[in-house]
1. Is there a residue being closer than 26 Å to Pro307 by Cα, in contact (Cβ under 8 Å) with a residue 60 or more places away in the chain and in a loop (DSSP other than H, G, I, E, B) anywhere in the range 194-205?
2. With respect to Ala90, determine if the residue is open to solvent by less than 50 Å² (accessible area, probe 1.4 Å) and out of contact with any strand residue (DSSP E or B) (no Cβ under 8 Å at 6 or more places or on another chain).
3. Which condition does Gln174 not pass, out of (1) of a type in the set (S, T, N, Q); (2) assigned to a helix (DSSP H, G or I); (3) under 21 Å from Pro80 (Cα atoms), if it passes all the others?
4. So which of Ala286, Ala274, Ala305 is in contact (Cβ under 8 Å) with a residue 60 or more places away in the chain, open to solvent by less than 20 Å² (accessible area, probe 1.4 Å), assigned to a helix (DSSP H, G or I) and touching a Leu at 6+ places or on another chain (Cβ under 8 Å)?
5. Taking the range 128-150, which residues are closer than 21 Å to Tyr287 by Cβ and either aromatic (Phe, Trp, Tyr) or touching a residue at least 40 places away in the same chain (Cβ under 8 Å) (or both)?
6. Select from the range 183-201 the residues that are surrounded by 24 or more Cβ atoms within 10 Å (Cβ to Cβ) and either among the hydrophobic types (A, V, I, L, M, F, W, C) or within 17 Å of Asn219 (Cα to Cα) (or both) and list them in ascending order.
7. Do we find that Trp322 is more than 20 Å from Lys259 (Cα to Cα), modelled with pLDDT of 95 or more, touching a Ser or Thr at 6+ places or on another chain (Cβ under 9 Å) and surrounded by 16 or more Cβ atoms within 10 Å (Cβ to Cβ) in this structure?
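The values are calculated or read from the model by the stated rules, or taken from the named source; none is laboratory data. Keep in mind that this is a model prediction, so the values were computed, not measured. As a convention, Cβ positions derive from the backbone with ideal geometry for all residues, glycine included, and neighbour counts pool all protein chains shown. Surface areas here come from the heavy atoms of the whole protein model, side chains and all, with no ligands, DNA or RNA. Shrake-Rupley method; radii C 1.70, N 1.55, O 1.52, S 1.80 Å.
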Amino acid sequence: MSWGLFGNAQIRCSWIRYGIWLVACVCTLSTAYAGQTPQRTLKICVAADAPAIVRQAAQQVLAAVTTQPLLRIMARGRVPGKLTDSLQLAKEPDAARAYSHLVLVGLPTDPLIHAAWQREAKFNGHGCYIFGFGYLHGTIGYIESGRNPFLHAAAIKRTPFETELVTLTGDTPQAIVLAVHAFLHKELINGVVAAPGWTRSRPSLLERAPLAPDFVPPNLTPSHLGSATRIGWTQADQTEYRGVQAACNVEPQVIWLAKYHLPGTWSTSGSSHAIQQYLDGLDRRAYGDTLWLACFASRAQAVVALPRIALAAHLRQQGDRWIGHASSSSPAGKPSAMPLTLWQKGNWLYMSTLPQHAPPRTRR
């Protein structure tokens, strides 16, 4: 079962449903916010005692706030004047971290990174294990993004808006530089980048090769689609490939997910918007406002795969496209659905939850 847009178009795994439901429950605990509504800000965080090369990388992130698409949207015209010390911020109350978009730059041992860790990767100083990529050894840069967990802590009485978090880390300072470069110059928000010479320290069931430092995302998606702005790329892990293979009996050569942002996204408040806020966020499994791209070995393979994926996603044909809904519901029965459109062009398949790709309704 895959975890990206394709997987979420199929029947949900129970623990994923539970995770989304749990997010809603945490938000429900936020019943009242005492005092003035806080202002959402952006903080670029690095430890004051981090190696010089890591602090220089964090300075590069800070300098790119007005030019990098995701950072520019996070800042909303309020550019941070300096770096934030992650060591000090980790000691402060949740409210000091909750109401800001956070970009964390540092080693996995950084206390703020450790607190925000999604537990999908483990670095032990002698290599790492990353879910969907396997056991890796070398200079391994790692990027993971998602909703800001500090906003959804029990101490926060109400969520007036959503905030997101990006972690740029790796097993060495040089690996962190790889992650920062991929984030700033390739718009990578979830993925693994490795310097030449990496190896596998041991086999595992789910193995996907990391990206090379000079990787290039597919030049098939515009930076803007109507009012939507592309804010990042997610490198699909091996679960995504296995999901397509299970449906089509053939594995794509490459899968990418392009994340877009619509005006007003992340600005709604309260538990009633919790699921949608998650889906519109940066987590690799959050499939809202996402364009999924899969490249097959040939056009013939893509043509064969198209109706099989449509069947798995419960889509119906309308002209040269297949349409339906990507839906998810919590155990509490709170549904969240969005248009899902699938089409083929050459040896590529595209699947989108962006409203710009939904075909117009036909009159009856």
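1. no
2. So Ala90 passes the test.
3. Exception for Gln174: condition (3).
4. One residue alone meets the criteria, Ala305.
5. Ile130, Phe131, Gly132, Phe133, Ile143, Glu144, Ser145, Gly146, Arg147, Asn148
6. Selection gives Phe183, Leu188, Ile189, Val192, Val193, Ala194.
7. yes
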